[in-house]
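**Student:** Have a look at this one before I ask anything.
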Amino acid sequence: MKIAVRTTLSLMLAILPGLAGAQSADPGDSTIMFALDDPDMAAATARALAGLDEFLALSETPPSGTDRFKLKVKVRDGDVSEHFWVIPFHRTETGFVGILANEPEQVRNVVLGQNIEFTRDDISDWGYTRDGHQVGSFTVCVMFKKMSKEEAHYMRGKYGFDC
């Protein structure tokens, strides 16, 4: 079964104004499949995790000019997994809780706008906006490589990516 050896990452950047639960499916919300052992995605995730503590500290006392702090988390449903942006989020005694900001395509145990609980081990990326530019969101930069040049250029310009 193909899906068991692949992971799905939702591109939706979860940076649009408004609450995630109130968002409808955005034309920019596309899903891109990656092999579980994709080296570029593994490097992007490692880079994100290396800076996670600094990001979490920053999210607790955001400096002026920053907003839209978000985490990308892995949700499992049996042998299928899919990664979603969670915004807003906050820490709990046992991990984190936040609102799922993407429409699931593969997993069926969560829905857009649902409050989900997760642990640090589920986190695969983080990001926020600083003065209109994206900081972090390392996995999204990898996803741009699988898009058409036109689509990637549009997404970079619209959402402030410098990658």
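**Student:** Within segment 68-83, take every residue that is surrounded by 13 or more Cβ atoms within 10 Å (Cβ to Cβ) and more than 15 Å from the chain's Cα centre (by Cα) and give me the one that is nearest to G95 (Cα to Cα).
**Tutor:** Filtering segment 68-83 for residues that are surrounded by 13 or more Cβ atoms within 10 Å (Cβ to Cβ) and more than 15 Å from the chain's Cα centre (by Cα), the one nearest to G95 (Cα to Cα) comes out as D77.
**Student:** Which numbered condition in (1) under 14 Å from V142 (Cβ atoms); (2) out of contact with any Gly (no Cβ under 7 Å at 6 or more places or on another chain); (3) at pLDDT 80 or above; (4) surrounded by 13 or more Cβ atoms within 10 Å (Cβ to Cβ) is the only one that L56 fails?
**Tutor:** Going through the list (1) under 14 Å from V142 (Cβ atoms); (2) out of contact with any Gly (no Cβ under 7 Å at 6 or more places or on another chain); (3) at pLDDT 80 or above; (4) surrounded by 13 or more Cβ atoms within 10 Å (Cβ to Cβ), L56 breaks only (1).
**Student:** Here is a further query. Among the residues of segment 98-109 satisfying the criterion of being assigned to a loop (DSSP other than H, G, I, E, B) and under 15 Å from the mean Cα position of the chain (by Cα), which is farthest from R68 (Cα to Cα)?
**Tutor:** E105
**Student:** Turning to a different aspect of this structure: Could you list all residues from segment 123-158 that are part of a helix (DSSP H, G or I) and crowded, with 20+ Cβ neighbours inside 10 Å?
**Tutor:** Across segment 123-158, the qualifying residues are F138, T139, V140, V142, M143.
**Student:** Which one is surrounded by the fewest Cβ atoms within 10 Å (Cβ to Cβ), of the residues in segment 87-106 that are hydrophobic (A, V, I, L, M, F, W, C) and either more than 23 Å from M33 (Cα to Cα) or without any contact (Cβ under 8 Å) to a residue 40 or more places away in the chain (or both)?
**Tutor:** So the residue we want is V97.
**Student:** Evaluate segment 66-76: report whether one residue or more is farther than 22 Å from C163 by Cβ and in contact (Cβ under 8 Å) with a residue 24 or more places away in the chain.
**Tutor:** Yes, some residue in segment 66-76 is farther than 22 Å from C163 by Cβ and in contact (Cβ under 8 Å) with a residue 24 or more places away in the chain.
**Student:** Hey, another quick one. I'd like the full set of residues that are farther than 15 Å from V86 by Cβ and of a type outside the set (G, A, S), limited to segment 59-74.
**Tutor:** E60, T61, P62, P63, T66, D67
**Student:** Given (1) over 15 Å from I123 (Cα atoms); (2) assigned to a strand (DSSP E or B); (3) modelled with pLDDT under 70, identify the lone condition not met by G28.
**Tutor:** Failing condition for G28: (2).
The values are calculated or read from the model by the stated rules, or taken from the named source; none is laboratory data. This one's a predicted model, so the numbers in the text were calculated from it and none came from an experiment. Cβ coordinates were reconstructed from backbone atoms using ideal geometry, including for glycine residues, and neighbour counts include every protein chain displayed.
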